[in-house]
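This report concerns only the one structure given below.
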Amino acid sequence: MFPVVVLAVVAILAHLVLHDAKLHLLRLPSPVFFSHSHHPFFFRPRLSPSLSAQLEPEAPVCLNPAPFPTLPPASRPLTMALATETTRVVSQFDFSDQDVNTHVREFLQQMRDGLEADGTSISQIPTYVTGVPNGTEKGLYLAVDLGGTNFRVCSITLNGDTTFNLTYNKVAIPKELMVAKTAKELFAFLAKQIELFLREHHADRFESYVRRRKTGSTPLGYRDELIFRLGFTFSFPVKQLGINKGKLIRWTKGFDIPDAIGKDVCALLQDEIDRLNLPVKVAALVNDTVGTLMARSYTSTGKHRSILGGIFGTGTNGAYIEKTEKIKKPIEGEYDTSTGEMVINTEWGSFDNQLNVLPSTPWDKALDDQSINPGFQMFEKRVSGMFLGEIVRLTIVDMMKNEETSLFKDLNSSFNDWGTTTNISPQSGMFKPWGLDSAIMSVAASDNSPELSTLRQELENTLLVYNPSLEDAQAFKAVANAVARRAARLSAVAIGAVALQSGKVDDPEEDVLDVGVDGSLVEHYPFFRDMIYEALAAIEGIGPAGAKKIRIGIAKDGSGVGAALIALVAQRMEKPGDFLRDLRKDIKRSLDAMPGPGEEPVVSTTALAVGGAVGLAAIAAIWWTRKR
């Protein structure tokens, strides 16, 4: 009888232990795969959240669970307070379908204003480019790209079959040159990079060109053989006065060199190129959005040409094809009138600087106040990758100041599902202006795991937030997603307005409206294009059917191949006598470099020999003419 009683007692105890253990397996968090928690009688294993998330608790739920290790009651109001505050903050970035349509109407009006007069928010700058490529163009061209923190020098071979070969060097712009006292300092640096590129990648041709130029080539050879045509991608607002002439209106993206305002940027670069005696002619001034449009048109294999080139990266801007009859303001300089069209550089980054309709949260205002150009580029400051991270940072810092939310800090380790104490280093980028890189927003958007482990690790690695809790990560993710979603829907406002302006949305013969885009947001931010399409479908006059017609495609190397294509267009526009002007300019510079009175002239043996030969040839020609 006694053994039977013992066995029964053991069986009952085992059943209770195993049942209680199963409940704790599903409830107890731990940062390790298996660990142990103490019980008055037994030790039992508990699973990490990553494994427990895969299990479903069995019904019925225990009505009298163990009192540990659940969070203490004091922590619950903090978690609720953080969730409530996050909801309040996120709601300020809401951008409804009605908001989208209000902005589209205002955008269209400001586009029309820009076509009628200068000095408007959307500048609508004529580019003198009156056609787009079809993929059959050929040739070797140079392109340089000054559009942000880097300077890129490229050589592009157009193969004539919608393909191209590109070689490039890229160098960071020294920060001191971005705010230099004179434009010469910056443009001399750019010209030097062009020289280094030619010596590295085109050494044979470069040295041959230099030798022929020094010894005096025939005018025809000087024109057709010695000069690299260069497309200058200059991604800042300019008043364009010709295909290779444009005066800087203002700097953006961290540049501030007052000396350059109002000057012809092509001439500034050409002067420094000529000082180095480089065989390069700045043939075309190109905005990166125009280059994106040209590149997309060249590489697209379909029958439909692109209507818009857009940039959504460090900055944002767009260029589109407009009917010249709609351009009411005077267009200075010559251009081809036969096509009846011209590419327009919108400079839409400054859309609604007056804040007639643009959303403006306290953090948008704070960002604008601390920027180098308060009151300008207001659309760009809500859309471009350069500013999104700072909006998130300013928002999170404000939330951290609220003691009730306990964001990124806790006083009891049991508040954290990882069982550790959260704190943030005083050296964190969170406390430094522009210290939060927008790249972490992509991490937040892509991490959809139950524990947000990747985002939490990224917060620790990049922002020195040690052991962030799940609630901390959820709050950060919600804010980052809200800021990005608003940016995507604002991007749709610009794309949708241009589509409507083109008049092709309702055209039954246009089954595809091709849009070429470039930039880190559209290329790397998860679901950014999906959010754009969602907003496009809500626009009156486009709707779901029209949104399906709009094809948004990535245009790679727009600032390179696009600039090369416009340099090709510029070369075709050159007149037979243009080379003489360039030759006279070189002769004048050579004469200016000659030694003055009292200085010893330095003449090379080669120069003497060439001069003598030219002189003898001239005398012989005169003698022969007179004899005849």
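Of the residues examined, Leu158 is one that is surrounded by 21 or more Cβ atoms within 10 Å (Cβ to Cβ), assigned by the TED database to the domain that holds Arg250, touching a Gly at 6+ places or on another chain (Cβ under 9 Å) and modelled with pLDDT under 95. Segment 506-578 holds helices (runs of 4 or more DSSP H) entirely within its bounds, and those carrying 1 or more residues that are under 23 Å from Asp99 (Cβ atoms) map to 520-524, 528-536, 543-549. Taking only segment 437-494 into account, find how many residues are closer than 24 Å to Gln427 by Cβ, not in a helix (DSSP H, G or I) and not aromatic (Phe, Trp, Tyr). Residues in segment 437-494 being closer than 24 Å to Gln427 by Cβ, not in a helix (DSSP H, G or I) and not aromatic (Phe, Trp, Tyr): 8 in total. What about Glu471, is it over 18 Å from the mean Cα position of the chain (by Cα), over 30 Å from Ser406 (Cβ atoms) and at pLDDT below 95? Spelling it out, it is not the case that Glu471 is over 18 Å from the mean Cα position of the chain (by Cα), over 30 Å from Ser406 (Cβ atoms) and at pLDDT below 95. Residues of segment 364-394 that are assigned to a helix (DSSP H, G or I) and either touching a His at 6+ places or on another chain (Cβ under 8 Å) or over 16 Å from Lys432 (Cβ atoms) (or both): Asp364, Lys365, Asp368, Asp369, Glu380, Lys381, Arg382, Val383, Gly385, Leu388. Here Ser350 clears all of (1) outside the structural domain of Arg88 (by the TED database); (2) modelled with pLDDT under 95 except the condition numbered (2).
If the condition is being outside any helix (DSSP H, G or I) and surrounded by fewer than 16 Cβ atoms within 10 Å (Cβ to Cβ), then segment 181-209 contributes Lys181, Thr182.
Within segment 385-401, the residues that satisfy the criterion of being under 16 Å from the mean Cα position of the chain (by Cα) and at pLDDT 95 or above are Phe387, Leu388, Gly389, Glu390. Taking the stated definitions as given, is Thr136 among the hydroxyl-bearing types (Ser, Thr, Tyr) and either closer than 21 Å to Ala497 by Cα or part of a strand (DSSP E or B) (or both)? No: the conditions fail for Thr136. Residues that are surrounded by 15 or more Cβ atoms within 10 Å (Cβ to Cβ) and over 25 Å from the mean Cα position of the chain (by Cα) are absent from segment 171-180.
Summed over segment 131-151, residues that are under 12 Å from Ser559 (Cβ atoms) and aromatic (Phe, Trp, Tyr) total 1. Of all residues in segment 353-390, those satisfying the criterion of being under 15 Å from Ala487 (Cβ atoms) and surrounded by fewer than 19 Cβ atoms within 10 Å (Cβ to Cβ) are Pro359, Ser360, Thr361. Of Phe206, Phe189, Phe164, all but one fail to be modelled with pLDDT under 95, outside the structural domain of Gly385 (by the TED database) and closer than 18 Å to Glu272 by Cα; the exception is Phe206. Here Leu513, Leu536, Leu565 are screened, and the one residue that is modelled with pLDDT of 95 or more and either of a type in the set (A, V, I, L, M, F, W, C) or under 18 Å from the mean Cα position of the chain (by Cα) (or both) is Leu536.
Among the residues of segment 316-337, those identified as in contact (Cβ under 8 Å) with a residue 12 or more places away in the chain and either in a loop (DSSP other than H, G, I, E, B) or in contact with a His (Cβ under 6 Å, 6 or more places away or on another chain) (or both) are Ile327, Lys328, Lys329, Ile331, Glu332, Gly333, Glu334, Tyr335, Asp336, Thr337. Filter segment 278-312 for residues that are out of contact with any helix residue (DSSP H, G or I) (no Cβ under 7 Å at 6 or more places or on another chain), part of a loop (DSSP other than H, G, I, E, B) and not basic (Lys, Arg); which is nearest to Ser155 (Cα to Cα)? Only one residue tops the list, namely Asn287. Count of segment 395-416 residues, restricted to those that are surrounded by fewer than 21 Cβ atoms within 10 Å (Cβ to Cβ) and in a helix (DSSP H, G or I), is 6.
The values are calculated or read from the model by the stated rules, or taken from the named source; none is laboratory data. Quantities reported herein were computed from a predicted structural model and do not represent experimental measurements. Note that we place each Cβ from the backbone using ideal geometry, even for glycine, and neighbour counts take in every protein chain shown.
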